[in-house]
Each structure stands twice: as structure tokens, then as C-alpha cells.
Amino acid sequence: MTAADSTSRTARVLTGYRPEDGFMAAVLDPPPAEYVWHDEHAEHREQRYGPGTGYQQWLAVDPNDGAVWYGDTDWRAPQDNLAGQLPGLPRRALGDGTIPAPGTMVQLLSHLTHDQEHGCTWRFFTAEELHTLALRILPAVQRLVDSIHRIGPDGELEWSAEAATAWDDIEHTTTHTLDPSGALHWPRPRTTPTPAWRVEVGAFLAANPELCDPSWAVAGDAELDAYADYHPATGYGGVPGRTCHAAERQIEDGFTFYGHRAALYAYRAQACGDRTPTDARTWLETTETGKSTWEAAKPLGANLADVTDCVLNDLADRFQNAAREHGLVLTGLNTYLRRLRAEERAGVDQQLVFEGEEIERLENMIKDFRAGRNRTVTRILAWSDGRSDTEIARLASMPDAYVSEWRARLNDDETTPTPGA
């Protein structure tokens, strides 16, 4: 059991936001009434609303443990910095996939109502009213917490179809109305069945098993995440979009899919059975069993750069068999071994680059020395000091015949008449 599994997940209003706490954490600062107005006849748009109409109150929900609290923004602050005043992201900013940590979600509350008799009316809420509203949404928050997907040992959050529906119920419950007397009314809390157009990827794969890729059974977390992160220019993305694209099949329009990563992790867990999926790199590099397995299995007299795909696959089988004896399934193993081989081959490539550059440097150096030696031999031959070709060749570390041929060419040049002479 992971730490995420053992955490208490009961929907509740946080301490400090309750009457019994004296609302000591709920410090609200709504604008005075004279700053909240609407003039539809104002000539310029920026003059139609008073500066206090940008004031925002919110409910915050931690989908990991069910905590609920509330607060407000500074109506005096620039409105383009609203996100910086919130404890989390509004639902619309999160999409339908993985929820980034820490995962706090914000429901912005509407304060404006409009009718023909009263026109525009702004109604800001007291701490007592916000507490009552927080209590009203707790059943929907509990449903969200219970149904949201939790992935991996860290319990990363991903939307489920039911969790998204639960949030719709939260939005419904937090949309107020005012009766003719100005009394505040909240909608009755509801529990909406998950609509048919919201589809779990796990259910989609169960209904279409031929679309499942057997390689998911031993894929690493990063590989599964990358598979789920499919964004085509048109049509469906995620796991359904990618599997159908590969199979040249098309999904009819009108559906929204949830739980892409969760479905792939669940497929792998089911394929592993009672064995524990374990990252291959971690096991082979950091555990004593993995290290000894690596030492016993690596090719003798060669590194991975020199092994073929067949040998690499055989290594993968041997590692998997060794891990199986310990109740494990190594995930991402093939990718890990191929990455190691690619890194070693890249090192060999760099060695070749170095050797080629060094040879080129030395050849250029030899060319310069050879030219210098030739000039020196020519100079000594021009002295005609009686030394033999053998003596000069020995000094120059070159064959006697080369010096003899050189001397002959020099003599020929001296005896050749100059044109016009």
C-alpha cells in the first residue's frame, strides 16, 4: 500500500472555515456598495462597471483528500492577475487529463443576477453563507474524491468520467438565485448519473481488446505516459485516438474520453498479475540483485555497442527471468537496453570523430614538415659541397633514390636554356 492509498479521504470543510472555529481563516474583504454598479449607458466600456464588480469569491477543493475551503480576491488589484490570487486552477483550465500537482481546484462564484425589475444585482456572500455552501457540496466532493483516478506510487490524479460529472454537480450547486424579495437561494444538491458521452478509456479498451498493444504489459511509466499523450491535428487524441489511428479505424464524434493513463497502467497491472511492475533501470543499477544479474549476463569481451538486436533481446529475456524469480516484472527494459546501446555507440561515434580530426591534424602537420624538408634538401643540394646522395638521404630520413632524382631535376633546370638566350 502506498502513502497515497493510506491517506484519509473524507470530504470536509477545513478547520478555520467553520462557525466553531470563529471563521478565523476566512478573512473576507468585499467592496463597499458604492463601488459596485453598472451603467449601461456609459459611453466607454471601461466606465460601465464599477471597480468593485471585479471582486471574486471562490470555493477551493483538494481532490486528493476532500478538503474544502473558501476565500476571495482583492477587488483593488488589477483584474488581469486573477489567477495569481487563487489557490488553484478553475476546472476549465485543467482539461480532462492529468491534474497537475498539487491539484487544488477552484470554483469561482457568480455574484451577478439580472432581471427586468431590479436590473443587475450583485450579491456577495458572508463567511456563514460560504460555509453553508461548502457543506452543501460535500457529497459531490466525496464522489469526486472516491472516483478520480490515482496513478502510480505517488497517486497522481487524472480525471475520470464520474469525477468530471461530480464537478458538474458542484458547479450546479454553487449557482445562486435571488427571489423577488432578494432572498438568497441555492439549487438543491444533485447526484447526476455519468452521461453516455463521457467514456472511460478502460471501458473502451475492454470493448475493443484487439486495439490493445501487448507491449503495454512491460512498458515503463514514461512510455505509457507518452503513448497517452497523443494530440493529432484533428480527431480524437489520447489512447483511443492513437490506437484507432494505428488500426485505421474511426471513432464517431460526440464522446469525451477519460482515464487515458489510468487505463494503460491498469492494463499493465493486470498483465503483471501478482508480480510487481518495477523500473528496469532502477532495479539493474541500484539493487544488489539487479547489479549481480547484470554482471552475470553482460556479453564477455564486448560492450553493448557491439551486440545485435538478437543478443539484446536475449539479454532482456534473461533479465526478465531473473526478476520473475523475485516476483517482479521489469518495465521499460527494452527501451532501457537500447538507450544504453545507443549511448555506447554514440561514444564510439565520438571516438571516430576524434580520430579523424587527429589524423587530419597530423596529416596537415606532416605536409608542412615535408614541404620544409624538401626546401632544406634543395638548399643543401644547391651547395654542391661534394656530399653524396646517400649522406644527404640519411640526414633527411628518405631513400637515396629520392635525393638522386632531386639532384637530377635540379641539374636539368640549371642546364635548360632560358627562352630568348
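When the chain is treated as a Gaussian network with alpha carbon springs shorter than 10 Å, the biggest mean-square fluctuation among PRO189, PRO209, PRO180 belongs to PRO180. For chymotrypsin sites (Phe, Trp or Tyr not before Pro), the sites in segment 140-235 that DSSP calls loop and that have at most 12 other Cβ atoms within 10 Å are TRP197.
Connecting C-alpha atoms closer than 10 Å in a GNM of the chain, tell me which of LEU89, LEU109, LEU178 has the biggest fluctuation. For the chain, modelled as a Gaussian network with Cα springs under 10 Å, the answer is LEU178. Between GLU288 and ASP229, what FRET efficiency follows from the Cβ-Cβ distance if R0 is 30 Å, with the result rounded to 0.05? The formula returns an efficiency of 0.30 here. Taking all protein chains together and a 1.4 Å probe, the residues LEU211, LEU395 rank LEU395, LEU211 from largest to smallest accessible area. In this Cβ point-charge picture (+1 for Lys and Arg, -1 for Asp and Glu), segment 210-249 has a dipole of about 180 debye about its Cα centre. Along the charge dipole of the chain, which of ALA269, VAL145, THR113 sits closest to the positive end, that is, farthest toward it, with unit charges on the beta carbon of Lys, Arg, Asp and Glu (+1, +1, -1, -1)? Of the listed residues, the answer is ALA269.
Note on ALA203 and ASN81: their simple-model spin labels are 4.5 nm apart, each label 7 Å out from Cα toward Cβ. For the residues THR104, THR191, THR331, a GNM of the chain with alpha-carbon springs under 10 Å puts the largest fluctuation on THR191.
In Å², what does the accessible area per residue of the chain work out to with a 1.4 Å probe?
Details: 24330 Å² over 421 residues.
Averaged over the residues of the chain, the accessible area is 58 Å².
Once the chain from THR415 to ASP39 is taken as fully extended at 0.36 nm per residue, the excess over their C-alpha distance is 124.1 nm. Rounded to the nearest 20, the size of the Cβ-charge dipole of the chain about its Cα centre is 640 debye, with Lys and Arg at +1 and Asp and Glu at -1.
Provide the gained length on full extension for the span ARG370 to SER388, in nm with one decimal, where the gain is 0.36 nm per separating residue minus the Cα-Cα distance. Net length gain for the segment: 4.4 nm. The distance separating the Cα centre of segment 47-73 from that of segment 341-401 comes to 80 Å. Taking only alpha carbon atoms, segment 149-250 gives an Rg to Rh ratio of 1.15, where Rh is the Kirkwood radius.
Computing the accessible area with a 1.4 Å probe over protein heavy atoms, can you report the carbon and sulfur percentage for the chain?
Numbers: 12730 of 24330 Å².
Ligands and nucleic acids excluded, carbon and sulfur reach 52 percent.
Remark on segment 53-197: hydrodynamic radius 16.3 angstrom, per the Kirkwood mean of 1/r across alpha carbon pairs.
Could you state the per residue volume, in Å³, of the convex hull enclosing the Cα atoms of segment 277-421?
199
Taking the helices alone, the chain has a mean residue ellipticity at 222 nm of -14000 deg cm²/dmol, built from -39,500 (n - 2.57) per DSSP H run of at least 4 residues and averaged over all its residues.
Paramagnetic label reach from PHE255 (point 7 Å along Cα→Cβ; backbone nitrogen cut-off under 13 Å): within segment 224-244, residues 236-244.
Given their separation in residues at 0.36 nm each and the Cα-Cα distance between them, ASP317 and ALA222 gain 32.1 nm when the chain is fully extended.
Just the Cα atoms of segment 226-335, one point each, no solvent: what log10 I(q)/I(0) does Debye give at q = 0.20 Å⁻¹? So the normalised log intensities are -1.02. Backbone N atoms of segment 315-342 closer than 20 Å to the 7 Å Cα→Cβ label point of ARG275 belong to residues 315-338.
Normalised by the residues of the chain, what does the relative contact order come to in percent, with Cα pairs under 8 Å and at least six apart?
Working: 532 pairs, mean separation 43.6, N = 421.
Relative contact order here is 10 percent.
The values are calculated or read from the model by the stated rules, or taken from the named source; none is laboratory data. What you see is a predicted model; the values in this text were computed from it and never measured. Cβ coordinates were reconstructed from backbone atoms using ideal geometry, including for glycine residues, and neighbour counts include every protein chain displayed. Calculation scope for accessible area: heavy atoms of the full protein, side chains included, ligands and nucleic acids excluded. Shrake-Rupley method; radii C 1.70, N 1.55, O 1.52, S 1.80 Å.
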